[in-house]
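Just so you know, all these numbers are worked out from the coordinates, no wet-lab data involved. Values in this document were obtained by computation on a predicted structure and should not be read as measured data. All Cβ positions, even for glycine, are placed from backbone atoms using ideal geometry, and neighbour counts span all protein chains on display.
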Amino acid sequence: MRCRMSWALGLVMAGLVAGCQQPQPAELSPQDLAAIKAISGKWTKAQMAADWAGMAAMFGDGVTFFPANMPPVSGNDAALNFLKGFPKLTSFTATALDVGGSGDMAYDRGTYSFTTAPAPNAPSVTETGTYLAIDKKQADGSWKVTRDIWHSDSPAPAPAPAKK
């Protein structure tokens, strides 16, 4: 009798353990991966055209930017204002190098390069660097950027000399 009870208890415990396991999120489909990779091209096109509505359409709710050498920029309106305040660009490219994720979350890691138009009494600036974007799948199946961090390949500017 004791052996049967141990066996029955073992079956119950195995069932409980199996029932407590969380289902694993689905891997990203080839269509999802293509849609995420396409964001960099759409971003480039909208940035170069100063298409602010197009830029805002790529933001997920509560987007946060982590620009190089600056504090984070949180919220859709703040992120859009940040982009609007960026110097005019004469060239911009963003290239996705590594895209992955599962379920409704994905990442896009890549490189960027841009050149600004010369400002009055200042030369143009060219910068290259890397980025990492976190994207979230929306109810309509589209992917939107929720976090975006980038940094320049150039060293940070030297601190200003101390005043005496």
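Computed quantities for the displayed model
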{"quantity": "Spin-label pair Lys164/Lys88, simplified geometry with 7 Å Cα→Cβ offset, distance in nm", "calculated": "4.3 nm"}
{"quantity": "Charge dipole of the range 26-152 about the Cα centre (unit charges at C-beta), most positive-ward option of Phe114, Ala139, Ser74", "calculated": "Phe114"}
{"quantity": "³J(HN,Hα) computed for each position of the range 78-92 - Karplus, 6.51 cos²θ - 1.76 cosθ + 1.60, integer Hz, glycine/proline x", "calculated": "5, 5, 5, 5, 4, 5, 5, x, 5, x, 4, 9, 9, 8, 7"}
{"quantity": "Sequence-distant residues sharing a close amide H with Arg147 (under 5 Å, placed H)", "calculated": "Thr64, Ile134"}
{"quantity": "Length added when fully stretched, Asp61-Asp140, from 0.36 nm per residue minus Cα-Cα", "calculated": "27.0 nm"}
{"quantity": "For the range 52-65, Karplus couplings with θ = phi - 60° (6.51, -1.76, 1.60), whole Hz, Gly/Pro x", "calculated": "5, 5, x, 5, 4, 5, 8, 7, x, 4, x, 4, 10, 9"}
{"quantity": "Other-chain or far-sequence residues with amide H under 5 Å of Thr130's (modelled H)", "calculated": "Tyr112, His151, Asp153"}
{"quantity": "Segment Asp98-Lys42, extension gain: residue separation times 0.36 nm, minus the distance between their alpha carbons", "calculated": "18.5 nm"}
{"quantity": "Under the Karplus curve 6.51 cos²θ - 1.76 cosθ + 1.60, θ = phi - 60°, whole-Hz ³J(HN,Hα) for the range 93-99, x wherever Gly or Pro sits", "calculated": "9, 9, 10, 6, 10, 8, 10"}
{"quantity": "Placed amide H near Leu89: partners under 5 Å, 5+ positions off or other chain", "calculated": "Ala117"}
{"quantity": "Distance histogram in 10 Å bins (all Cα pairs of the range 26-152, percent per bin)", "calculated": "13, 45, 33, 8, 2, 0"}
{"quantity": "Local electrostatic count, Trp143, Cβ distance below 14 Å [Lys/Arg +1, Asp/Glu -1]", "calculated": "-1"}
